[in-house]
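Chemist: Once you've had a glance at the structure underneath, I'll fire off some questions.
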């Protein structure tokens, strides 16, 4: 079995993306790893070059700044990396620059890939998600966080990145048929110095919205107010991936949240009630079941 990893990144240092940790976390499962490195205003390219040179393949890209609707440019950059993986790879393992996989799940993922490798009805593997928020001590617990997404796909030329690169489709906008894997992706996109988070808000929203929307919805402040934007959190009781330990130890800001202050919406209540009945509602970018 041959596995190719792939990702994209730009301005990783400016916006404090744990891209090295992201790539390193799944590198043991990959025979090669393709990274589309967008032209950056920092030393992102050199940062990626310092990762395992025996496996890392870098393609230098230029982001199309005119793509300002629905995060489309992120999917375009994802597809650039996907197009460069080895033709003889069985699987392609996708990881975004703020996602990390705990080492305790690597064998489970490997076994799942082996089990479904020759089943041509299976397009990919579906992962569980933990979304950290504010600090490394809290995870989102309201219904607005997506709970699952595809991160491993078959090496199939008809599969492509969908919408803002959250998931994948194939052919004429068909959802992939996937099998769940008992593993979590740790999403750290909402954990960084509030000043760097504010810079990210001011810059990255332009890949979804025009200038008038930015003027109306993105505050012109020095630091991001985590408490203002949070709805419902719970404490994280587990252990972080080993590759994240150094970054966590170097955290230089404080965020404390009273988990009893829940802002529960009617949507949260309805979703929770339906889930107890075995009915799951909401957006699903995949198909499960008989593959």
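Chemist: Which order, highest average first, do 76-86, 14-24, 249-259 follow once you tally other Cβ atoms within 10 Å for each residue and take the mean per peptide?
Modeler: So the peptides 76-86, 14-24, 249-259, ranked by packing, come out 14-24, 76-86, 249-259.
Chemist: Which whole-angstrom value gives the distance between the alpha carbon centres of the range 50-76 and the range 146-205?
Modeler: Distance between centres, Cα-based: 14 Å.
Chemist: Return a whole-number percent for the relative contact order of the range 135-210, with Cα pairs under 8 Å and 6 or more residues apart as the contact set. Let's see the in-between values first.
Modeler: Numbers: 30 pairs, mean separation 15.2, N = 76.
Value for the range 135-210: 20 percent.
Chemist: Using helices alone, I'd like the mean residue ellipticity at 222 nm for the chain: each DSSP H run of four-plus residues gives -39500 (n - 2.57), total over residue count, nearest 500.
Modeler: Mean residue ellipticity, 222 nm, calculated: -7000 deg cm²/dmol.
Chemist: A further question follows. In the range 6-51, what is the volume of the convex hull around the alpha carbon atoms, normalised per residue and reported in Å³?
Modeler: 60
Chemist: Before anything else, pin down the relative contact order of the range 5-145: Cα pairs under 8 Å, at least 6 apart, normalised by residue count, whole percent.
Modeler: 29
Chemist: For the chain, how big is the tail of P(r) above 34 Å, as a whole percent of Cα pairs? Display every interim value, and only then the final one.
Modeler: Working: 8017 of 42195 pairs.
So the portion of pairs separated by more than 34 Å is 19 percent.
FYI, it's all coordinate maths here, none of it is from the lab. Keep in mind it's a predicted model, so treat the numbers as computed, not measured. All Cβ positions, glycine included, derive from the backbone under ideal geometry; neighbour counts span all protein chains shown.
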